[in-house]
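What follows is one structure encoded as structure tokens, with my remarks underneath.
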Amino acid sequence: MAAADGLQFPEFADAASLLAANPDATTISIEEPADGTKSQRGRQQEPGREEDDELLGTDDSDKTELLAGQKKSAPFWTFEYYQTFFDVDTYQVLDRIKGSVFPVPGRNFVRLYIRSNPDLYGPFWICTTLVFAIAVSGNLSNFFIHLGKPTYHYVPEFRKVSIAATTIFAYAWLVPLALWGFLMWRNSKVMNIVSYSFLEIVCVYGYSLFVYIPTAILWIIPQKVVRWVLVMFSLCLSGSVLVMTFWPAVRDDNRRIALATVGAIILLHALLSVGCLAYFFDAPEVDFSAPIVPAHNGTTLIKAQ
């Protein structure tokens, strides 16, 4: 017993003696202040803060961005650096496509779908599919318009593939590059502007073009009214994704600059859709000349229409 008493710590012995002398004494746990602080902090949170956290990001999203940056720390001249941009599964791509086709008001497309893992797989294949959809549908539309005319001979226009590829990929890369540079410049002027990376902007523009793939196929219908209704419908869907994504990034800027930026985004998007419809599908009618048939007597006759 003497050995056991020698192993006792004097602090615990003093505490036990104090509790024995005063049984009604109140004990305090060191975990109580932390819990109380958390509860008070939760009660004092503003009601509209959740929406701001969704648009401007939270600590969890910052940690996710930091981890994503650590994963992509390979040198840019290595294959592993570019492999990370295509590290996405089918379910993520389908979920992002669904989010671009059915935009939800008040939900930021980058924060909701892109920021955790931005990719180039979806935008690349969407742009490639759109190029062939526009080129093939444009050729078929031209064929159906002139079908039944005896003087018409169908010749595939392969140059439409190169023109469509140049137009679509230039829009999907140069416009995001210009917008990213503009947002970086404005971010240096106004500190509280939401910033997007260049890869995130490319993702938004790439996925926003998906709705034009079925639209380009339906443009084969040789009715101008139907075509213009389809282009306006597609423009409203894809344009709303761009507006709801980039308006939070410029709304704290000067009012005129913010409205001009959003207006330029919508204008360029409208020029792309209307330009593709006008060039590839609403081409002017070609006046085919009548074939010249030589006569047996040496004279030349022109075959009547």
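Quick notes on this structure:
- Looking only at region 109-136, residues that are charged (D, E, K, R) and open to solvent by 30 Å² or more (accessible area, probe 1.4 Å) come to 1 in all.
- Test: Tyr82 is open to solvent by 80 Å² or more (accessible area, probe 1.4 Å) and at pLDDT 85 or above: no
- Looking across region 89-104, just one residue is touching a helix residue (DSSP H, G or I) at 6+ places or on another chain (Cβ under 6 Å) and charged (D, E, K, R), and that is Arg96.
- For region 155-249, the helices (runs of 4 or more DSSP H) that sit wholly inside it and include 3 or more residues that are among the small types (Gly, Ala, Ser) and crowded, with 17+ Cβ neighbours inside 10 Å are 159-189.
- Filtered residue count, region 123-154, keeping only those that are part of a helix (DSSP H, G or I) and under 18 Å from Ile220 (Cα atoms): 17
- Filtering Leu140, Leu130 for residues that are under 16 Å from Gly275 (Cα atoms) and not aromatic (Phe, Trp, Tyr) leaves a single hit, Leu130.
- Residues of region 250-272 satisfying the condition of being surrounded by 14 or more Cβ atoms within 10 Å (Cβ to Cβ) and under 25 Å from Thr166 (Cα atoms): Thr261, Val262, Ala264, Ile265, Ile266, Leu268, His269, Ala270, Leu272
- Check on Val211, under 16 Å from the mean Cα position of the chain (by Cα), among the aliphatic types (A, V, I, L, M) and under 27 Å from Val104 (Cβ atoms): yes
- Only residues that are not hydrophobic (A, V, I, L, M, F, W, C) and not in a helix (DSSP H, G or I) were counted in region 82-102, giving 2.
- Filter result (among the hydrophobic types (A, V, I, L, M, F, W, C) and not in a loop (DSSP other than H, G, I, E, B)) within region 105-122: Phe109, Val110, Leu112, Ile114
The values are calculated or read from the model by the stated rules, or taken from the named source; none is laboratory data. Nothing here was measured: the structure is a model prediction, and the numbers come from that model. Note that each Cβ is placed from the backbone with ideal geometry, even for glycine, and that neighbours are counted across all protein chains shown. These accessible areas exclude ligands, DNA and RNA; they are computed on the full protein's heavy atoms, side chains included. Shrake-Rupley method; radii C 1.70, N 1.55, O 1.52, S 1.80 Å.
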